[in-house]
Amino acid sequence: MFKKTVEDLLQNALTERQDLFLIDFSVSNDNAIKIVIDGDNGVLVEDCMFVSRAIEHNIDRDEHDFSLEVLSSGAATPLVLPRQYKKHIGRNLEIKTLDNDKLEGKLVQVNEKGVVLKWKAREPKPVGKGKVTVTKEANLTFENIKEAKVKIKF
């Protein structure tokens, strides 16, 4: 019952803020609520506070003892929803496929079915000795992506 109340309040908050979306939600046996959100334009502290208040201010503390944690999806956290990819166009991603292939390249396109990665590789020349730099491209469907992470460069 408590979890359903929290779910409803969370859904109302996300309906009000269409730019935010849910990544993970759990309520433990001791009513520890953990919510992980992401946003089409990233997530600010104010966004976490908005979701937190939408829940906390609508549950009676005299009736329910609970803790509440609202977090943004971290930079090193794998992407889990197709919606998350759009804001990372132009960034380098490391993608593991269901075939256990590992690809790393620049995310150049996202559509409803999947993504397009591009990268440069050194390959032997077709004729003669030496190597030549070629641009490679991979079209990956969301169904074939086991894990995708943004590669952060410092």
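The values are calculated or read from the model by the stated rules, or taken from the named source; none is laboratory data. Just so it is clear, the model here is predicted, and its values are computed rather than measured. Please note: Cβ atoms are built from the backbone with ideal geometry, for glycine as well, and neighbour counts cover all protein chains shown.
Screening Val70, Val150 for residues that are under 30 Å from Asp30 (Cβ atoms) and either assigned by TED's automatic domain parsing to the domain that holds Val43 or not basic (Lys, Arg) (or both) leaves exactly one candidate, Val70.
Within the range 108-154, restricting attention to residues that are small (Gly, Ala, Ser) and in contact (Cβ under 8 Å) with a residue 12 or more places away in the chain, which residue is surrounded by the fewest Cβ atoms within 10 Å (Cβ to Cβ)? Please lay out each step first, then the result.
Here is the first cut: in the range 108-154, the ones small (Gly, Ala, Ser) are 114, 121, 128, 130, 138, 148.
Cutting the leftovers down to in contact (Cβ under 8 Å) with a residue 12 or more places away in the chain gives us 114, 121, 138, 148.
Working: Gly114: 18, Ala121: 11, Ala138: 15, Ala148: 22.
Once the filter is applied, the top-ranked residue is Ala121.
Looking at the range 108-154, the strands (runs of 3 or more DSSP E) lying wholly inside it that each contain 1 or more residues that are of a type in the set (Ser, Thr, Tyr) sit at 131-141.
Kindly indicate the residue of the range 15-34 that is without any contact (Cβ under 8 Å) to a residue 12 or more places away in the chain and not in a loop (DSSP other than H, G, I, E, B) and also farthest from His88 (Cα to Cα) among those meeting that condition. Among those that are without any contact (Cβ under 8 Å) to a residue 12 or more places away in the chain and not in a loop (DSSP other than H, G, I, E, B), it is Ser26. A residue that is more than 17 Å from the chain's Cα centre (by Cα) and closer than 30 Å to Glu137 by Cβ cannot be found anywhere in the range 6-21.
Of the residues that make up the range 32-44, is at least one surrounded by fewer than 17 Cβ atoms within 10 Å (Cβ to Cβ), more than 18 Å from Ser73 (Cα to Cα), charged (D, E, K, R) and touching a Phe, Trp or Tyr at 6+ places or on another chain (Cβ under 9 Å)? Steps first, please.
So in the range 32-44, the residues surrounded by fewer than 17 Cβ atoms within 10 Å (Cβ to Cβ) come out as 32, 34, 40-42, 44.
Subset that is more than 18 Å from Ser73 (Cα to Cα): 32.
Imposing the further condition that a residue be charged (D, E, K, R) reduces the set to none.
Checked the range 32-44: no residue is surrounded by fewer than 17 Cβ atoms within 10 Å (Cβ to Cβ), more than 18 Å from Ser73 (Cα to Cα), charged (D, E, K, R) and touching a Phe, Trp or Tyr at 6+ places or on another chain (Cβ under 9 Å).
Taken over the range 80-99, the criterion of being in contact with a Lys or Arg (Cβ under 8 Å, 6 or more places away or on another chain) and either assigned by TED's automatic domain parsing to the domain that holds Ile23 or not basic (Lys, Arg) (or both) is satisfied by Gly90, Asn92, Leu93, Glu94, Ile95, Thr97, Leu98. Tyr85 passes every criterion in (1) surrounded by 13 or more Cβ atoms within 10 Å (Cβ to Cβ); (2) among the hydroxyl-bearing types (Ser, Thr, Tyr); (3) farther than 30 Å from Lys4 by Cα apart from (3). Taken together, the residues in the range 35-65 that are out of contact with any strand residue (DSSP E or B) (no Cβ under 6 Å at 6 or more places or on another chain) and either assigned to a loop (DSSP other than H, G, I, E, B) or assigned by TED's automatic domain parsing to the domain that holds His88 (or both) amount to 11. For the range 74-90, a residue qualifies if it is in a helix (DSSP H, G or I) and under 14 Å from Asp19 (Cβ atoms), and the qualifying residues are Arg83, Gln84, Lys86, Lys87.
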